[in-house]
Each structure stands twice: as C-alpha cells, then as structure tokens.
1. Quick check: is even one residue across segment 37-46 at pLDDT below 75, farther than 23 Å from L302 by Cα and among the aliphatic types (A, V, I, L, M)?
2. Return the only residue of T83, T89 being among the hydroxyl-bearing types (S, T, Y), within 20 Å of L295 (Cβ to Cβ) and free of Cβ contacts under 8 Å to residues at least 60 places away in the same chain.
3. List the number of the failed condition for D58; all other conditions in (1) outside any loop (DSSP other than H, G, I, E, B); (2) in contact with a helix residue (DSSP H, G or I) (Cβ under 6 Å, 6 or more places away or on another chain); (3) over 23 Å from I16 (Cα atoms); (4) of a type outside the set (F, W, Y) hold.
4. Report, by residue number, each residue of segment 79-118 that is surrounded by fewer than 20 Cβ atoms within 10 Å (Cβ to Cβ) and not in a helix (DSSP H, G or I).
5. Show the residue pairs that are 6+ apart or on different chains and have beta-carbon atoms under 7 Å apart, the first residue being within segment 55-78 and modelled with pLDDT under 80, the second being aromatic (F, W, Y) and assigned to a loop (DSSP other than H, G, I, E, B).
6. Identify, please: which residue in segment 278-316 is without any contact (Cβ under 8 Å) to a residue 60 or more places away in the chain and among the small types (G, A, S) and is, among those, surrounded by the fewest Cβ atoms within 10 Å (Cβ to Cβ)?
Amino acid sequence: MREYIVRRLLLIVPIIVGVSMLTFLAFQVIPGDTAVFVCGFGCTPETLHDIRAELGLDRPIYQQYTDWLSGVVRGDLGTSYQTKLPVTTELGRKIPVTLELLALALFLSLVLGIPPGILSAVRPGTVVDFIVRVVSVFWLSVPSFYIGLLIITFGASWFGWSPPNFATGTTPGLVAHPWQNMETFLPPAFVLSVGIAAVIMRLTRSSMLEVMRNDYIRTAYSKGLRERSVVWRHALKNAMIPVATIIGLQVGGLIGGSVLVETVFGLNGMGYYLLIAIGTRDVQVVEALVLIFALSYVVINLIVDLSYAWLDPRIHYA
C-alpha cells in the first residue's frame with residue numbers, strides 16, 4: 001500500500017508540469033496582449049514596450065515558463081499582472097469561499113444521490129422508482145447555470161429574496177453569521193450538485209440492482225435477516241465501488257461548474273477569479289489556479305482509489 005501511494009504521488013509531478021505547460025502555451029496562441037490589458041487601449045507603443053519589459057513578457061517563452069516553475073518550487077506562485085499583488089495573497093481570500101462551496105455541493109450530491117438510488121433499487125417498478133428516474137433525467141437535462149438563474153430570478157420576483165451580499169464580492173463567515181452563510185452558499189451548492197447527484201443516483205440504482213440479484217443476498221433473506229440489515233450491511237458496500245469511482249470523476253465537474261456558479265451567484269471564489277484572469281490574460285493567476293485545480297483532482301482520485309480497499313477487503317495494492 002505504501003509503495004502504491006508513493007508511486008501515485010510521484011506521478012503528480014509530470015501531470016502538473018504537463019498541465020501547466022499546456023496552459024502556458026495556450027496563452028501564447030489565443031489572441032490578445034497582456035500588456036494592453038494592463039495599460040489600456042490608449043497606450044503608446046513605447047509604453048507597451050516598457051510594460052512588457054517590466055512584466056518580463058519580452059523574454060523567450062521557455063524562460064518565462066521556467067522562471068514561473070522555479071518560483072512554484074520555492075512556494076512563490078507569482079504576482080498578478082492586474083492587481084500587482086502576490087497570487088498567494090489573493091488566493092488566501094478566495095480559496096475558503098470555493099472550498100466551502102465545493103464541500104457543501106459534494107455533501108448535497110451524496111445526500112440527493114445515494115439514498116434515492118438505494119430506495120429506487122430496493123423498490124423497482126414502483127411509484128418511488130418512477131419518480132427517482134424522472135427526477136434524475138430532469139436534473140441531467142437542465143444546465144446547472146440555468147437552474148441558478150431561475151432561482152435568483154424567481155426568488156427575487158416572487159419572494160423578494162436574493163442571496164446576502166449578492167454580487168458584492170464579500171461572503172458572511174460561517175462562524176460569525178451561520179444563517180447568512182448558509183443562505184449564501186446553499187442555493188449555489190444545490191445548483192452545482194443536482195447534475196452530479198443525478199449521475200450518482202442512476203449509478204447507485206443500477207449497481208444496487210445488480211448486487212441485489214446475487215446469491216448471497218438471497219441467502220441473507222432466506223436466513224430471516226431484516227431488509228434493512230441486508231441492504232445496509234451486505235449489499236451497499238459492494239454496490240458502492242463503481243459509485244465511488246464516479247464520485248471521484250465528478251470532482252472535475254464540481255471544479256469546472258464552480259466557475260459558472262460563482263459567476264451567476266456573485267461569489268468571489270477561485271472559479272470567478274479564474275474567469276476574470278482568463279479575460280484579462282493574467283497568466284500568473286491562471287497558472288496558479290490551474291495548478292491548484294489539477295492537484296486537487298489528482299489527490300481526490302487517489303483517495304477514491306484507496307477507498308476501494310475499505311469497501312472490498314479483497315482488493316490489494318501491489
């Protein structure tokens with residue numbers, strides 16, 4: 001197990017280098033000039049030349065990349081071209097917002113996905129099963145950002161409600177203002193979670209149906225065990241292995257969806273920060289955020305892979 005974890009952690013290095021290199025090269029291909037965004041469209045050619053020299057944009061591409069990469073090794077993620085502040089300073093204010101949003105969205109995805117999927121599999125062909133399948137298809141069919149727009153629009157027009165501090169760039173703290181914090185984060189977390197919950201719901205149902213047809217489940221019923229014991233103690237663990245896999249894969253959907261959801265709900269997190277940085281060609285910020293997102297995705301998938309051994313003790317890692 002230890003050797004497997006070490007090998008997986010060592011694989012993070014080439015993955016991060018590859019992702020960051022592709023991101024850096026993409027900014028050299030797409031149209032636009034960072035110096036123009038920094039100075040403004042009325043700048044003279046001499047001023048633009050001075051800004052490029054100041055920001056190091058006049059150096060060869062490989063040198064810009066290696067300088068950035070060496071700074072990352074030292075724990076320096078660079079300085080934003082727009083705000084002139086260290087990227088780590090900006091991230092210190094934005095990471096807690098996105099972390100809370102993603103954690104709450106993942107929790108809602110599990111709550112809205114796994115129990116209904118289990119109930120649908122245990123009662124196949126019933127009204128409950130039909131409702132669960134219809135709801136999952138509906139959630140998969142409607143884009144998350146559209147649900148967010150509907151929540152804000154109808155909440156404001158019908159009930160006079162809007163998220164606290166909407167589009168102000170500030171969020172109430174969870175400890176200091178728990179109710180306002182939940183009022184701020186629950187709607188975007190729900191919007192972010194419904195599509196992933198639908199995937200988890202459908203996969204949980206199909207996996208549970210397959211497991212419930214096995215001989216050992218029929219044996220457990222024939223021994224007189226209660227249905228609750230058979231489902232939770234014997235069937236659920238075996239059915240959760242493919243579900244755990246899809247949960248790890250859907251983390252990428254959560255991270256990508258946070259860009260749109262934070263923009264719609266006016267949350268000043270990493271997703272919205274990334275969107276602004278791309279629009280202004282703030283390469284240092286984009287590189288740092290892509291690095292964090294890629295690292296998070298790799299680590300979470302490693303945790304999911306390790307969970308297989310807990311779900312099925314027969315699984316061993318060489």
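1. Yes, segment 37-46 contains a residue that is at pLDDT below 75, farther than 23 Å from L302 by Cα and among the aliphatic types (A, V, I, L, M).
2. T89
3. For D58, the exception is condition (1).
4. Selection gives T79, Q82, T83, K84, L85, P86.
5. L55/Y81
6. Checking each candidate, the answer is G279.
The rows are residues; the columns are (1) assigned to a helix (DSSP H, G or I); (2) surrounded by fewer than 17 Cβ atoms within 10 Å (Cβ to Cβ); (3) more than 34 Å from the chain's Cα centre (by Cα).
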position	(1), (2), (3)
I217	yes, no, yes
R228	yes, yes, no
R233	yes, yes, no
V243	yes, no, no
I247	yes, no, no
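The values are calculated or read from the model by the stated rules, or taken from the named source; none is laboratory data. None of these values were measured; they are calculated from a predicted model. With ideal geometry, Cβ positions are generated from the backbone for all residues, glycine too; neighbour counts draw on all protein chains shown.
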